[in-house]
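These notes concern the structure reproduced below.
Nothing in this text is a laboratory measurement; each read-out follows from the coordinates by a stated rule. Just so it is clear, the model here is predicted, and its values are computed rather than measured. FYI the Cβ positions are ideal-geometry reconstructions off the backbone, even for glycines, and counts take in every protein chain you see.
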Amino acid sequence: METIDQRLSILAAVVWLVLALAVSPVCASSHMDAPLITLDDPANTTDVYAFVTGNDAAQSLTTALAVHPFEEPGIGPNNFRFDDQVLYEIHIALGKEDIKAGRATLTYQFRFETRYKVEGTILQAFLGPLEGVIDEEGFDENQNLRQTYKVTKLDQRKKGPMARTRLGSGRVPPNNQGLLTRFYNQNDNGENPAKGGVSSEADLDMYTKRAIFDLKENHRVFAGQRDDGFYADIQAIFDGLDFTGPNKPFDSQGGYNVHTIVLQIPFSELAGAETVGVYASTSRQRVRVLSKKPEKYGDLTLGRYIQVARQGNPLFNEGFVPLARKDLYSRTDPGEDMDLFLDFALAPQLASALGLPDENRTDIAAIFIPDLIKVDLTTGPVPLPGQSGFSRLSIFGGDSGGFPNGRRFGDDVLDIAVLALAQATPPVDPATNVDGVPANDITFNQVFPYAATPLNGRNHPHH
């Protein structure tokens, strides 16, 4: 009988062959999972997270959506930010029936608005160091680029005005520039790398703490720049799966930031469901030109929102959906997955190439179809990176609280997916490491908003 190491060796060889022959790469999470969305960074969904937090008396479902891949920290003169023209949404399916149907029961919408405090300056983001002096708008007085947002809950079980609840609003903290945002960084010194994760909200940096907002119905929210929490040697995967040589292993997302929305939903909102499904989407308004004489008739009108990207589980669109349907995946919703994408999960290309059962891979289909992150709420609050019991390999490492039972910051989703395709049986040696990258480039927070501190534009490595 083959060992796990033997299977992984076979998998590596087969993936190399597939990559060499395929029109497009087949397995990884490079944040570029469909051709068209790579042209629209603010709407490009890089990662989605969903996991149980809190304590037995007050548990919550924590969800997160990250967008805008490969943000170089400290870039200028313009800054990365959420797009006012994009509708960001986190969708929750409550219970087995809605999960099976790929149907959102609750949808949380986020709309952003951007303005500058002073426009007659070349200093677009910062007018000076952000030292914590707050003005009448609630921002640091030297934060020139200012984004606010509103959060709305849609209950799909209701009709008319009763379906919509305005939960509240928030402010986006500054990006981590360096000297001007020194409190993000170690010893409050802008020359130092960003602060690592903390276990107490009191220890969060000043900018993050002031960007956490309590909403109606006991929800909490954060939206702002964070470190990119996905880690893997993507470069090696797309280079013949060769993890040897200079500068290997290499965390291809190491050193980059993303923009992340984190929403904490109390169990009281989940209608007693034992299982939920989570996915996120981004949409833009359809534009229709009205006239060739805009000075007389107006130039255009904005139509309804059209979905341009979505994501549930990591890896599915990149690793299972063929090139011809990748953009279709971005435009559709999980309710159509059974008809459009089931075959690619039941007969995954990699399983077929390995000679494993490929006509009835119900184990893989159960994870990815419909493409929602399924979370067993009865599992209880999960261990987080740095806490006792956490395993980056989740179920393969004896930890029931991680991917594919939800997804936490810190789950090694690339290694987990490869083990699943190789038909590994838990428990697996915790030292098993497919790509040689065992951890993120900065430690995660163990408290809300959980995502790691954005990396310092003045002092950060790419590794």
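Compute the relative contact order of the stretch 398-456 as a whole-number percentage, counting only Cα pairs closer than 8 Å that sit 6 or more residues apart in sequence. Mind showing how you got there, number by number?
Numbers: 28 pairs, mean separation 18.3, N = 59.
This gives 31 percent for the stretch 398-456.
What FRET efficiency would be calculated for the residue pair Glu113, Ser200, taking the C-beta separation as r and a Förster radius of 30 Å, to the nearest 0.05? Working shown, then result.
Working: r = 32 Å, r/R0 = 1.07.
About 0.40, to the nearest 0.05.
Going by how many other beta carbons lie within 10 Å of each one, how would you line up His68, His462, fewest first? If you can, show how the numbers build up before the last one.
Details: His68 24, His462 15.
Least to most surrounded, the residues fall as His462, His68.
So if each residue of separation counts as 0.36 nm, and I subtract the Cα-Cα distance between Thr121 and Ala101, what length gain in nm does that give? Present the calculation step by step, with values, prior to reporting the outcome.
Details: separation 20, 0.36 × 20 = 7.20 nm, distance 5.23 nm.
That pair, Thr121 and Ala101, stretches by 2.0 nm at full extension.
If contacts are Cα pairs under 8 angstrom and at least 6 residues apart, what is the relative contact order of the stretch 355-463 in percent?
Details: 112 pairs, mean separation 23.1, N = 109.
21 percent.
Arrange the following residues from fewest to most other Cβ atoms within 10 Å of their Cβ: Tyr184, Tyr116.
On the way: Tyr184 29, Tyr116 15.
Starting with the residue having the fewest Cβ neighbours, the order is Tyr116, Tyr184.
Find the Rg to Rh ratio for the stretch 401-441, where Rh is the Kirkwood radius over alpha-carbon pairs and Rg uses the same atoms. Before the final figure, lay out the partial values.
Working: Rg = 10.1 Å, Rh = 10.9 Å.
Rounded to two decimals, Rg/Rh equals 0.93.
Do you know the relative contact order of the chain, to the nearest whole percent, from alpha carbon pairs under 8 angstrom that are 6+ apart? Could you put the intermediate results ahead of the total?
On the way: 1057 pairs, mean separation 107.2, N = 463.
Across the chain, relative contact order equals 23 percent.
Let me know the shape class of the chain, please: from the alpha-carbon gyration tensor, a ≥ b ≥ c as square roots of the eigenvalues, rounded when a/c is under 1.5, otherwise prolate if a/b is greater than b/c, or oblate.
Values: a/c = 1.45, a/b = 1.28, b/c = 1.13.
Taking the square roots of the gyration eigenvalues as a ≥ b ≥ c, the chain is rounded.
I'm a student and want to see the number: the projected area of the Cα convex hull of the stretch 310-427, averaged over all directions, in nm².
Numbers: hull surface 30.0 nm².
Taking the Cα atoms of the stretch 310-427, their convex hull projects to 7.5 nm² on average.
In the stretch 198-286, which GluC sites (Glu not before Pro) are in a loop and have at most 13 other Cβ atoms within 10 Å, using DSSP for the loop call?
On the way: sites: Glu201, Glu217, Glu269, Glu274; in loops: Glu274.
Passing sites in the stretch 198-286 are Glu274.
Going by amide H atoms built from the backbone, whose H comes under 5 Å of the H on Arg111, apart from near neighbours?
Under 5 Å from the amide H of Arg111: Lys150.
Taking 7 Å along the Cα-to-C-beta vector as the label spot, tell me the Asn55-Asp376 distance in nanometres, rounded to one decimal.
In this crude spin-label approximation the distance works out to 2.5 nm.
Can you give me the distance in nm between label points at Asp188 and Glu131, each placed 7 Å from the Cα along the Cα-to-Cβ direction?
1.1
Using Cβ counts within 10 Å as a stand-in for footprinting exposure, how do Tyr305, Tyr231 rank, fewest first?
Values: Tyr305 17, Tyr231 24.
Listing Tyr305, Tyr231 from fewest to most nearby Cβ atoms yields Tyr305, Tyr231.
Run the numbers for Ser388 and Asp358: contour at 0.36 nm per residue of separation, minus the present Cα-Cα distance, in nm.
Length gained, Ser388 through Asp358: 7.1 nm.
Using 0.36 nm per residue, how much length does the chain from Asn247 to Asp214 gain when fully extended, once their Cα-Cα distance is taken away? Let's see the in-between values first.
Working: separation 33, 0.36 × 33 = 11.88 nm, distance 4.38 nm.
Length difference between fully extended and current span is 7.5 nm.
Based on DSSP loop calls and a cut-off of at most 13 other Cβ atoms within 10 Å, the longest stretch of the chain free of exposed trypsin sites (Lys or Arg not before Pro) is what? All intermediate terms of the calculation are to be shown ahead of the outcome.
On the way: sites that count: Arg157, Lys158, Lys159, Lys292.
Counting at most 13 other Cβ atoms within 10 Å as exposed, the longest clean stretch of the chain is 293-463.
Can you tell me the FRET efficiency between Gln156 and Met338 if r is taken as the Cβ-Cβ distance and R0 is 22 Å, rounded to the nearest 0.05? Intermediate values should be presented prior to the final figure.
Details: r = 19 Å, r/R0 = 0.86.
Step by step, r from the Cβ atoms, then E = 0.70.
Once every Cα of the stretch 59-157 carries one equal point scatterer and solvent is ignored, give the base-10 log of I(q)/I(0) from the Debye formula at q = 0.13, 0.17 Å⁻¹, two decimals.
The Debye formula, applied to the Cα set alone, gives -0.65, -0.91.
Work out Dmax and Rg for the stretch 144-296 from the C-alpha atoms and quote the Rg first, both in angstrom.
21.3, 64
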